[in-house]
Amino acid sequence: MNHASQRVAKPYFVAALLLFLAQIVFGLLSGAKYVDGTFLAGISFNVLRMCHTNLLIVWLLMAFMGSAYFIVPEEAQTELYSPRLALATFWVFLIAGAATILGYLLVPYSELARWTGNALLPTMGRGYLEQPLPVKVGIVLVALSMLFNLTMTLWRGRRTSLNLVLVGSLWGLALLFLPAFYFPVDTVKDSYTWWWVVHGWVEGDWELILGALLGFLFIKMTGVDREIVEKWLYIIIAMSLVTGLIGIGHHYYFIGVPAYWLWLGSVFSALEPIPFLMLIGFAFRMHAMRRREHPNRAAMLWAMGTPIMAFLGAGLWGFIITLAPMQYYAHGTNMTAAHGHLAFFGAYAMACLSMISYAMPLLRGRPANSMRAQRWEMTGFWIMVPSMLGITLSLTGAGIVTIFLQRMGHDPMSFMDVQAREQVFFVIREFCGGGFALGLLVYLGSFLVSGDYEYARDVERALAA
């Protein structure tokens, strides 16, 4: 670690991991509701789901911000403009996020909306954007604070392609959140603006952040020339923007928009797996061209696994449901949930865990964790990845049952009858969710066994090997 101010990334990473754990807990509770509707009868499924999805957003944003505070000074070759501002931003964001989750759990949602001034500017009630108005305003202020800090750092330091892509995409992240403040009565306009935020983030702007994180990691861990990494990233980013921005049309099917969106959405969405295939080629090419064996094998494992799982979740499972004829039957089924779980984990959660695995040892004063700790971490990887695939396959099975029994044919079954037929898939999903939680606990346990007394000896052994 070359700059002392990079240490502000540490609380962001720690909070991100703890919030990730909380997200998984709420996911398990939500899954248990599917298996037994009487479970936790005092808390509705909608509340548990809100907590699950909102924690997903908050911990990923925490990890993105921590990554930016670690990478930008390193790339700019200068100290962060204001470490104090970065720490103040952290506490504001953490407290606001915790207060929001407590509000969901302790206050009826309609009362929460009334208490927080939703009548003045209605913004609540849409998936992923359930946050009260003051929290949305706080998110904007946190983002502006971070962007001011990073932009000033970039202004007075070296400007590399990685830094420009990372900071530029974070500006895009903030700007794409602004439609969350517009909640029209017209349902078509509502769908437009909602997808500008949700799709604009996860299938557009966040892919640029993903590319920047992996590019930084491969430069540091492989020793491949920066120019080679940047050429790959230029092509991947261009493809991501073209396919992602026009591919937003696959959310416009059958909502009252012109019919040409059926073609635009289908064609460009069908091209969206291409950037992820290119990302796999990029990762394996960089690994093959490596000039050094980095001692942090666990971080390399996460970095190599990210593009593969991203392609499966965002690319393959996204393609399965993206064409208009398929969407006609699959929209709103558990096929969508299967795609969402694997895509978020493969593309963004794993990228963040890659960055945390690389940066945290440096922030703790060592080039890499001990091999014992890394074995724990890699064990967590090999538990979490198959578990998430199990979750995805079980949700896919449930979605297929819904399509055949409820969406197709002349005598569709009722919703509750179909749910009863799908119970076996929900039980499997919950079992795999428990496995995923175990894998995460093993991963977190790796931070507790990386003793200072052994890391130097193990690093020497890794380098010798």
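The values are calculated or read from the model by the stated rules, or taken from the named source; none is laboratory data. Quick caveat: nothing in here was measured; it's all calculated off a predicted structure. FYI the Cβ positions are ideal-geometry reconstructions off the backbone, even for glycines, and counts take in every protein chain you see. Just so you know, the surface numbers come from the protein's heavy atoms only, side chains and all, with ligands and any DNA or RNA stripped out. Shrake-Rupley method; radii C 1.70, N 1.55, O 1.52, S 1.80 Å.
Does the stretch 365-372 contain any residue that is touching a His at 6+ places or on another chain (Cβ under 9 Å) and either of a type outside the set (Phe, Trp, Tyr) or in contact (Cβ under 8 Å) with a residue 40 or more places away in the chain (or both)? The answer is yes, given that some residue of the stretch 365-372 is touching a His at 6+ places or on another chain (Cβ under 9 Å) and either of a type outside the set (Phe, Trp, Tyr) or in contact (Cβ under 8 Å) with a residue 40 or more places away in the chain (or both). Among residues of the stretch 414-452 being surrounded by fewer than 14 Cβ atoms within 10 Å (Cβ to Cβ) and under 20 Å from His294 (Cα atoms), the one that is modelled with the highest pLDDT is Gly451. Considering the conditions (1) within 30 Å of Met65 (Cα to Cα); (2) of a type in the set (Gly, Ala, Ser); (3) more than 23 Å from the chain's Cα centre (by Cα), Ala351 is excluded by exactly one of them, (3). Residue pairs whose Cβ atoms lie under 7 Å apart, separated by 6 or more positions or on different chains, with the first residue in the stretch 291-305 and in contact (Cβ under 8 Å) with a residue 12 or more places away in the chain and the second charged (D, E, K, R), are Ala298/Glu377.
How many residues does the stretch 285-308 hold that are modelled with pLDDT of 90 or more, open to solvent by 20 Å² or more (accessible area, probe 1.4 Å) and of a type outside the set (A, V, I, L, M)? Of the residues in that region, 1 qualify.
Here is a list: Ser5, Ser30. Which entry is in contact with a helix residue (DSSP H, G or I) (Cβ under 7 Å, 6 or more places away or on another chain), open to solvent by less than 20 Å² (accessible area, probe 1.4 Å), free of Cβ contacts under 8 Å to residues at least 60 places away in the same chain and not basic (Lys, Arg)? Give the derivation first.
On the way: Ser5 fails: free of Cβ contacts under 8 Å to residues at least 60 places away in the same chain.
The unique qualifying residue is Ser30.
In the set Val267, Val224, only one residue is of a type in the set (A, V, I, L, M) and either in contact with a Phe, Trp or Tyr (Cβ under 6 Å, 6 or more places away or on another chain) or within 30 Å of Ser191 (Cβ to Cβ) (or both); that residue is Val267.
In the list Phe282, Phe311, which residue meets the criterion of being modelled with pLDDT under 90 and in a helix (DSSP H, G or I)? Talk me through it step by step, then tell me what you get.
Details: Phe311 fails: modelled with pLDDT under 90.
Exactly one of Phe282, Phe311 is modelled with pLDDT under 90 and in a helix (DSSP H, G or I), namely Phe282.
Within the stretch 210-223, residues that are at pLDDT 90 or above sit with their Cβ atoms under 9 Å from residues that are open to solvent by less than 10 Å² (accessible area, probe 1.4 Å) and not in a helix (DSSP H, G or I), at 6+ positions apart or across chains, in these pairs: Phe218/Val224; Met221/Asn296.
Tell me which of these Met384 doesn't satisfy, since it passes every other one: (1) open to solvent by 10 Å² or more (accessible area, probe 1.4 Å); (2) part of a helix (DSSP H, G or I); (3) not hydroxyl-bearing (Ser, Thr, Tyr). Going through (1) open to solvent by 10 Å² or more (accessible area, probe 1.4 Å); (2) part of a helix (DSSP H, G or I); (3) not hydroxyl-bearing (Ser, Thr, Tyr) one by one, Met384 breaks only (1). Of all residues in the stretch 199-209, none satisfies the criterion of being among the aliphatic types (A, V, I, L, M), over 12 Å from the mean Cα position of the chain (by Cα) and within 18 Å of Thr322 (Cα to Cα). Among the residues making up the stretch 33-60, those that are open to solvent by less than 50 Å² (accessible area, probe 1.4 Å), among the hydrophobic types (A, V, I, L, M, F, W, C) and in contact with a helix residue (DSSP H, G or I) (Cβ under 7 Å, 6 or more places away or on another chain) are Val47, Leu48, Met50, Cys51, Leu55, Leu56, Val58, Trp59, Leu60.
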